[in-house]
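One structure is given below, encoded as structure tokens.
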Amino acid sequence: MTVTGERAAPAAPEARPTSVPNRTGIEVGPKRRLRESTLDEKFNVLGALVAGPTVTTLLFGWFTPLTGPIGWVVVSFVLFIAFYSLLVSLRSDREEVKDRITTVLLISAGVVLFGALVFVVIYTVGRGTIALPHLNFFTQTMQFAGPLDGLDVGGIAHAIVGTLIQISIALAITIPLGITTAVFLNEVGGRFARFVRTISDAMTALPSIVAGLFVYAAIIQLITHQRSGFAAALAIAVMMLPIIIRASDVVLRLVPGNLREASYALGSTRWRTVWGVVLPTARSGLVTAVILGTARGIGETSPVLLTSGITAVMNLNPFSGPMISLPLQVFDFVKSPEPNIIARGFGTAAVLILLVLLLFVVARLIGGKGPGQLSDRQRRRVAGQSADDARRMNRTPAASPAAPLAAQPTGTPAPANPEETSQ
């Protein structure tokens, strides 16, 4: 029973979940981020992660005579997939179960590949730390070092210099040839372009030993009659060229077509458009292609083994005498049964791995942005140039001789000529 004259307190509004209206004004449900996991998804993953290793431990320790860490990991992963699919199927349909299992398999494959890379790097660098702390390892050669000498004698300076000389010659050959071929494939086209693209794709899968045999038969046996750094550089160039062509081809395809059309509309020729529009737009991607090809060439061993020769002294002339490189030096070191020589081999391999990883990091930093995307520094520079142009265009023009005439009253006619003014 209510008292007369008193109003009932208004009821509190009912709490409603946050919803997102679509264009027609109909609410379509709460907003959720695509990368955000729900509580059910987290429970499914954590439950499968706990159940899989637990059941595997019971199988290996109690119910079956299974042993071994590798078998334990394999069985744990299989049971994890089984429990995860079971938990997901409780509240999802068949298609969603397939999607979740595929996602887990892809993530697991990425983890395995990354783990293998980390293991190789850590193991090689760990074994190479015996030789890496010695300064002479980077400044001396193996000319006066014997197999029984300690790590304080000898080094890989000749291999480092040989690698730099060979890769420089290979870059001088592959950069203009590879980028020009990629430009031809994208800007000219035609039947011959399809043939060239097919050949370059086939050369990507060419075994490195075949490239070494080709250079050995065509250059060493017929022309130079001796192994040299130049022959090794040619073999490395054969391996680098398809990588640079393929990567540059993909990058040039990403250049927007309207940029070419705008250049043609302004009256520019095809090659002027390529030189002034296409190549500057894809500059970062082309640099990435060159660095990836360089990383491939630095690590080649089979073609260098047949073409460069093995030496323990410094050779700065790539056209005369054998010239060893880092991969070939590793191969030569690890053949020895002496622990110190093997330690030098792992140290050389560690230097090679760190050099290749450095090149890939540089490629990632340079090629992290697509064509036309500017970095923060470039964006600030463009903004500064735009501000300077705006200030220059808004600047007040200087007073001209016709300015006093404009200041006269409207009703006063301007004199026709100076003679009427004098009269």
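What follows is calculated from the coordinates using simple rules that are stated; it is not laboratory data. The structure displayed is predicted, hence computed values, not measured ones. As a convention, Cβ positions derive from the backbone with ideal geometry for all residues, glycine included, and neighbour counts pool all protein chains shown.
Some notes on this structure:
- For segment 118-177 versus segment 205-252, the gap between their alpha-carbon centres in whole angstrom: 22
- Qualifying trypsin sites (Lys or Arg not before Pro) in segment 65-172, where qualification requires a DSSP coil assignment and no more than 14 other C-beta atoms within 10 Å, comprise 91.
- Peptides ranked, highest mean first, by Cβ atoms within 10 Å: ranges 191-202, 155-166, 305-316: 155-166, 305-316, 191-202
- Full extension of the chain between residue 265 and residue 73 yields a length gain of 62.8 nm, computed as 0.36 nm times the residue separation minus the alpha carbon distance.
- Globularity index of segment 138-372 is 1.18 (Cα radius of gyration / 2.2 N^0.38 Å, N = number of residues).
- Theoretical FRET efficiency, 1/(1+(r/R0)^6), r = Cβ-Cβ of residue 109 and residue 224, R0 51 Å, to 0.05: 0.65
- Spin-label model, residue 357/residue 58: points 7 Å from Cα along the beta carbon direction are separated by 4.1 nm.
- Length gained on full extension, residue 210 to residue 92, computed as 0.36 nm times the residue gap minus the Cα-Cα distance: 37.2 nm.
- Cleavage-rule hits (GluC sites (Glu not before Pro)) in segment 33-98: DSSP loop, at most 12 neighbouring Cβ within 10 angstrom: 36
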